[in-house]
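The values are calculated or read from the model by the stated rules, or taken from the named source; none is laboratory data. Quick caveat, the model's predicted, so the values are computed rather than measured. Cβ: placed from backbone, ideal geometry, glycine included. Neighbour counts: every protein chain shown. Please note that ligands, DNA and RNA were not included when accessible areas were found on the heavy atoms of the full protein model with its side chains. Shrake-Rupley method; radii C 1.70, N 1.55, O 1.52, S 1.80 Å.
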Amino acid sequence: MPAERPQTERDPRARGSAPDAATVLFVGGGSGGHIFPNLAVLERLQALGARVRPHFVVSERPVDAHVCQQAGVDFTAMPATPLRKSAAGARAWWTGQRDTARKTRALLDRLDVRAVLTTGGFVSPAVAWAVSRTPGPALPLAAINLDAAPGKANRLVARWATDTFGAPSEGGSVGQRIGVPLRKTALAEVTPPKARWELGLRPELETLLVFGGSQGGSSLNGAVVQAIRRRALAKPLEHWQVLHLTGDSDREDVARAYAEAGVQGRVEAFTDAIGLWWAAASLAVCRAGAGSVAEAWANAVPTVFLPYPHHKDQHQRRNAAPLVNVGGALIVDDLIDPARTAQVLIGPLADLMTNDHRRLRMVEVLRTRRPEDGARVLADWTLRATGLALGLTPGLSKA
């Protein structure tokens with residue numbers, strides 16, 4: 001693989017006059033957090049009236065197919081796998097990358113792709129490398145890093161990208177800093193009482209939202225269950241109800257624990273209407289993935305973040321730092337053992353559940369300090385990269 005992206009002519013007009021429509025590859029898979037930002041960019045493009053033919057490139061994990069099918073987008077599942085620390089794992093990774101590069105070249109030939117956006121993950125390096133080797137003018141390739149610290153995949157992709165974008169919390173050097181692209185379905189569009197009523201909850205009760213991401217978070221789930229069983233939360237919970245997204249493996253156990261504790265609420269493995277859940281929330285407890293942090297900020301929900309404890313670089317702590325710094329969130333360490341984590345979680349959680357004034361202050365700072373709409377910035381980039389912006393869609397910024 002080459003050390004860096006070849007520097008060749010990038011003007012989309014060199015590939016022909018402004019097209020009536022343009023095929024765009026949206027690359028990223030392995031979790032909803034890699035796919036949802038691409039869906040957000042596509043949503044903004046469609047709202048602008050852009051004549052884009054989207055094609056998503058994802059992993060073979062079932063969650064990827066589920067998300068793409070629910071969104072109604074065409075997609076190709078690639079055989080790439082994460083790199084494992086063993087000889088067999090390294091061989092599997094190399095084989096997956098090689099085969100993904102081959103499939104990408106065939107896809108590029110078949111679809112006449114005009115631009116590529118990648119949000120990282122283990123599928124992205126092989127796709128980016130194949131894109132960098134296309135003959136002729138350089139195919140516009142946007143490397144989008146949404147975490148505070150780019151992982152190995154994103155660092156590789158950036159070497160072959162024509163443009164780079166990074167989240168506000170990223171400490172490295174990027175071409176442009178943007179807010180995390182969010183779908184409209186991730187944004188609250190109704191009042192809290194109406195959202196609670198639509199979710200089958202009591203409209204007048206304050207609501208705690210708990211989730212660990214699209215694939216759940218077992219240690220987080222266990223810590224919250226342990227916490228609700230403690231006496232310190234018994235009184236606050238008399239005036240609260242809980243919305244809990246568990247992931248597939250923990251749903252039954254968590255639902256049983258709430259029922260036994262007499263806690264009102266709703267427990268689901270997954271939802272396609274996360275914006276409605278955020279709209280219902282007065283307070284949240286969740287992981288600090290880039291998407292979760294961005295959703296908490298955009299919906300102005302005070303949040304207690306429990307960063308995923310197994311990342312060596314602890315980038316989830318850095319993801320949440322901007323919200324903590326403005327006073328809109330707290331960080332509590334996930335100590336892996338649910339009982340120990342519950343012990344350090346109970347104090348901050350009980351304080352926020354009983355201190356209405358503090359929560360309202362947190363809501364206000366989150367509302368007034370939001371970052372710009374990353375989905376719109378990337379939609380504008382896509383229109384320029386494909387040449388669709390040459391005959392401007394009404395309302396499109398030339399900036």
Out of the stretch 224-260, which residues are open to solvent by 10 Å² or more (accessible area, probe 1.4 Å), under 22 Å from residue 32 (Cα atoms), not polar (S, T, N, Q) and not in a helix (DSSP H, G or I)?
245, 248, 250
Return the pairs, sorted by first residue and then second, in which the second residue is modelled with pLDDT of 95 or more and outside any loop (DSSP other than H, G, I, E, B), the first residue lies in the stretch 190-208 and is among the small types (Gly, Ala, Ser), the beta carbons are less than 7 Å apart, and the residues are 6+ apart or on different chains.
195/276; 195/279; 195/280; 200/266
Filtering strands (runs of 3 or more DSSP E) wholly in the stretch 103-222 for at least 1 residues that are charged (D, E, K, R) and open to solvent by 30 Å² or more (accessible area, probe 1.4 Å) gives 113-118, 163-166, 206-211
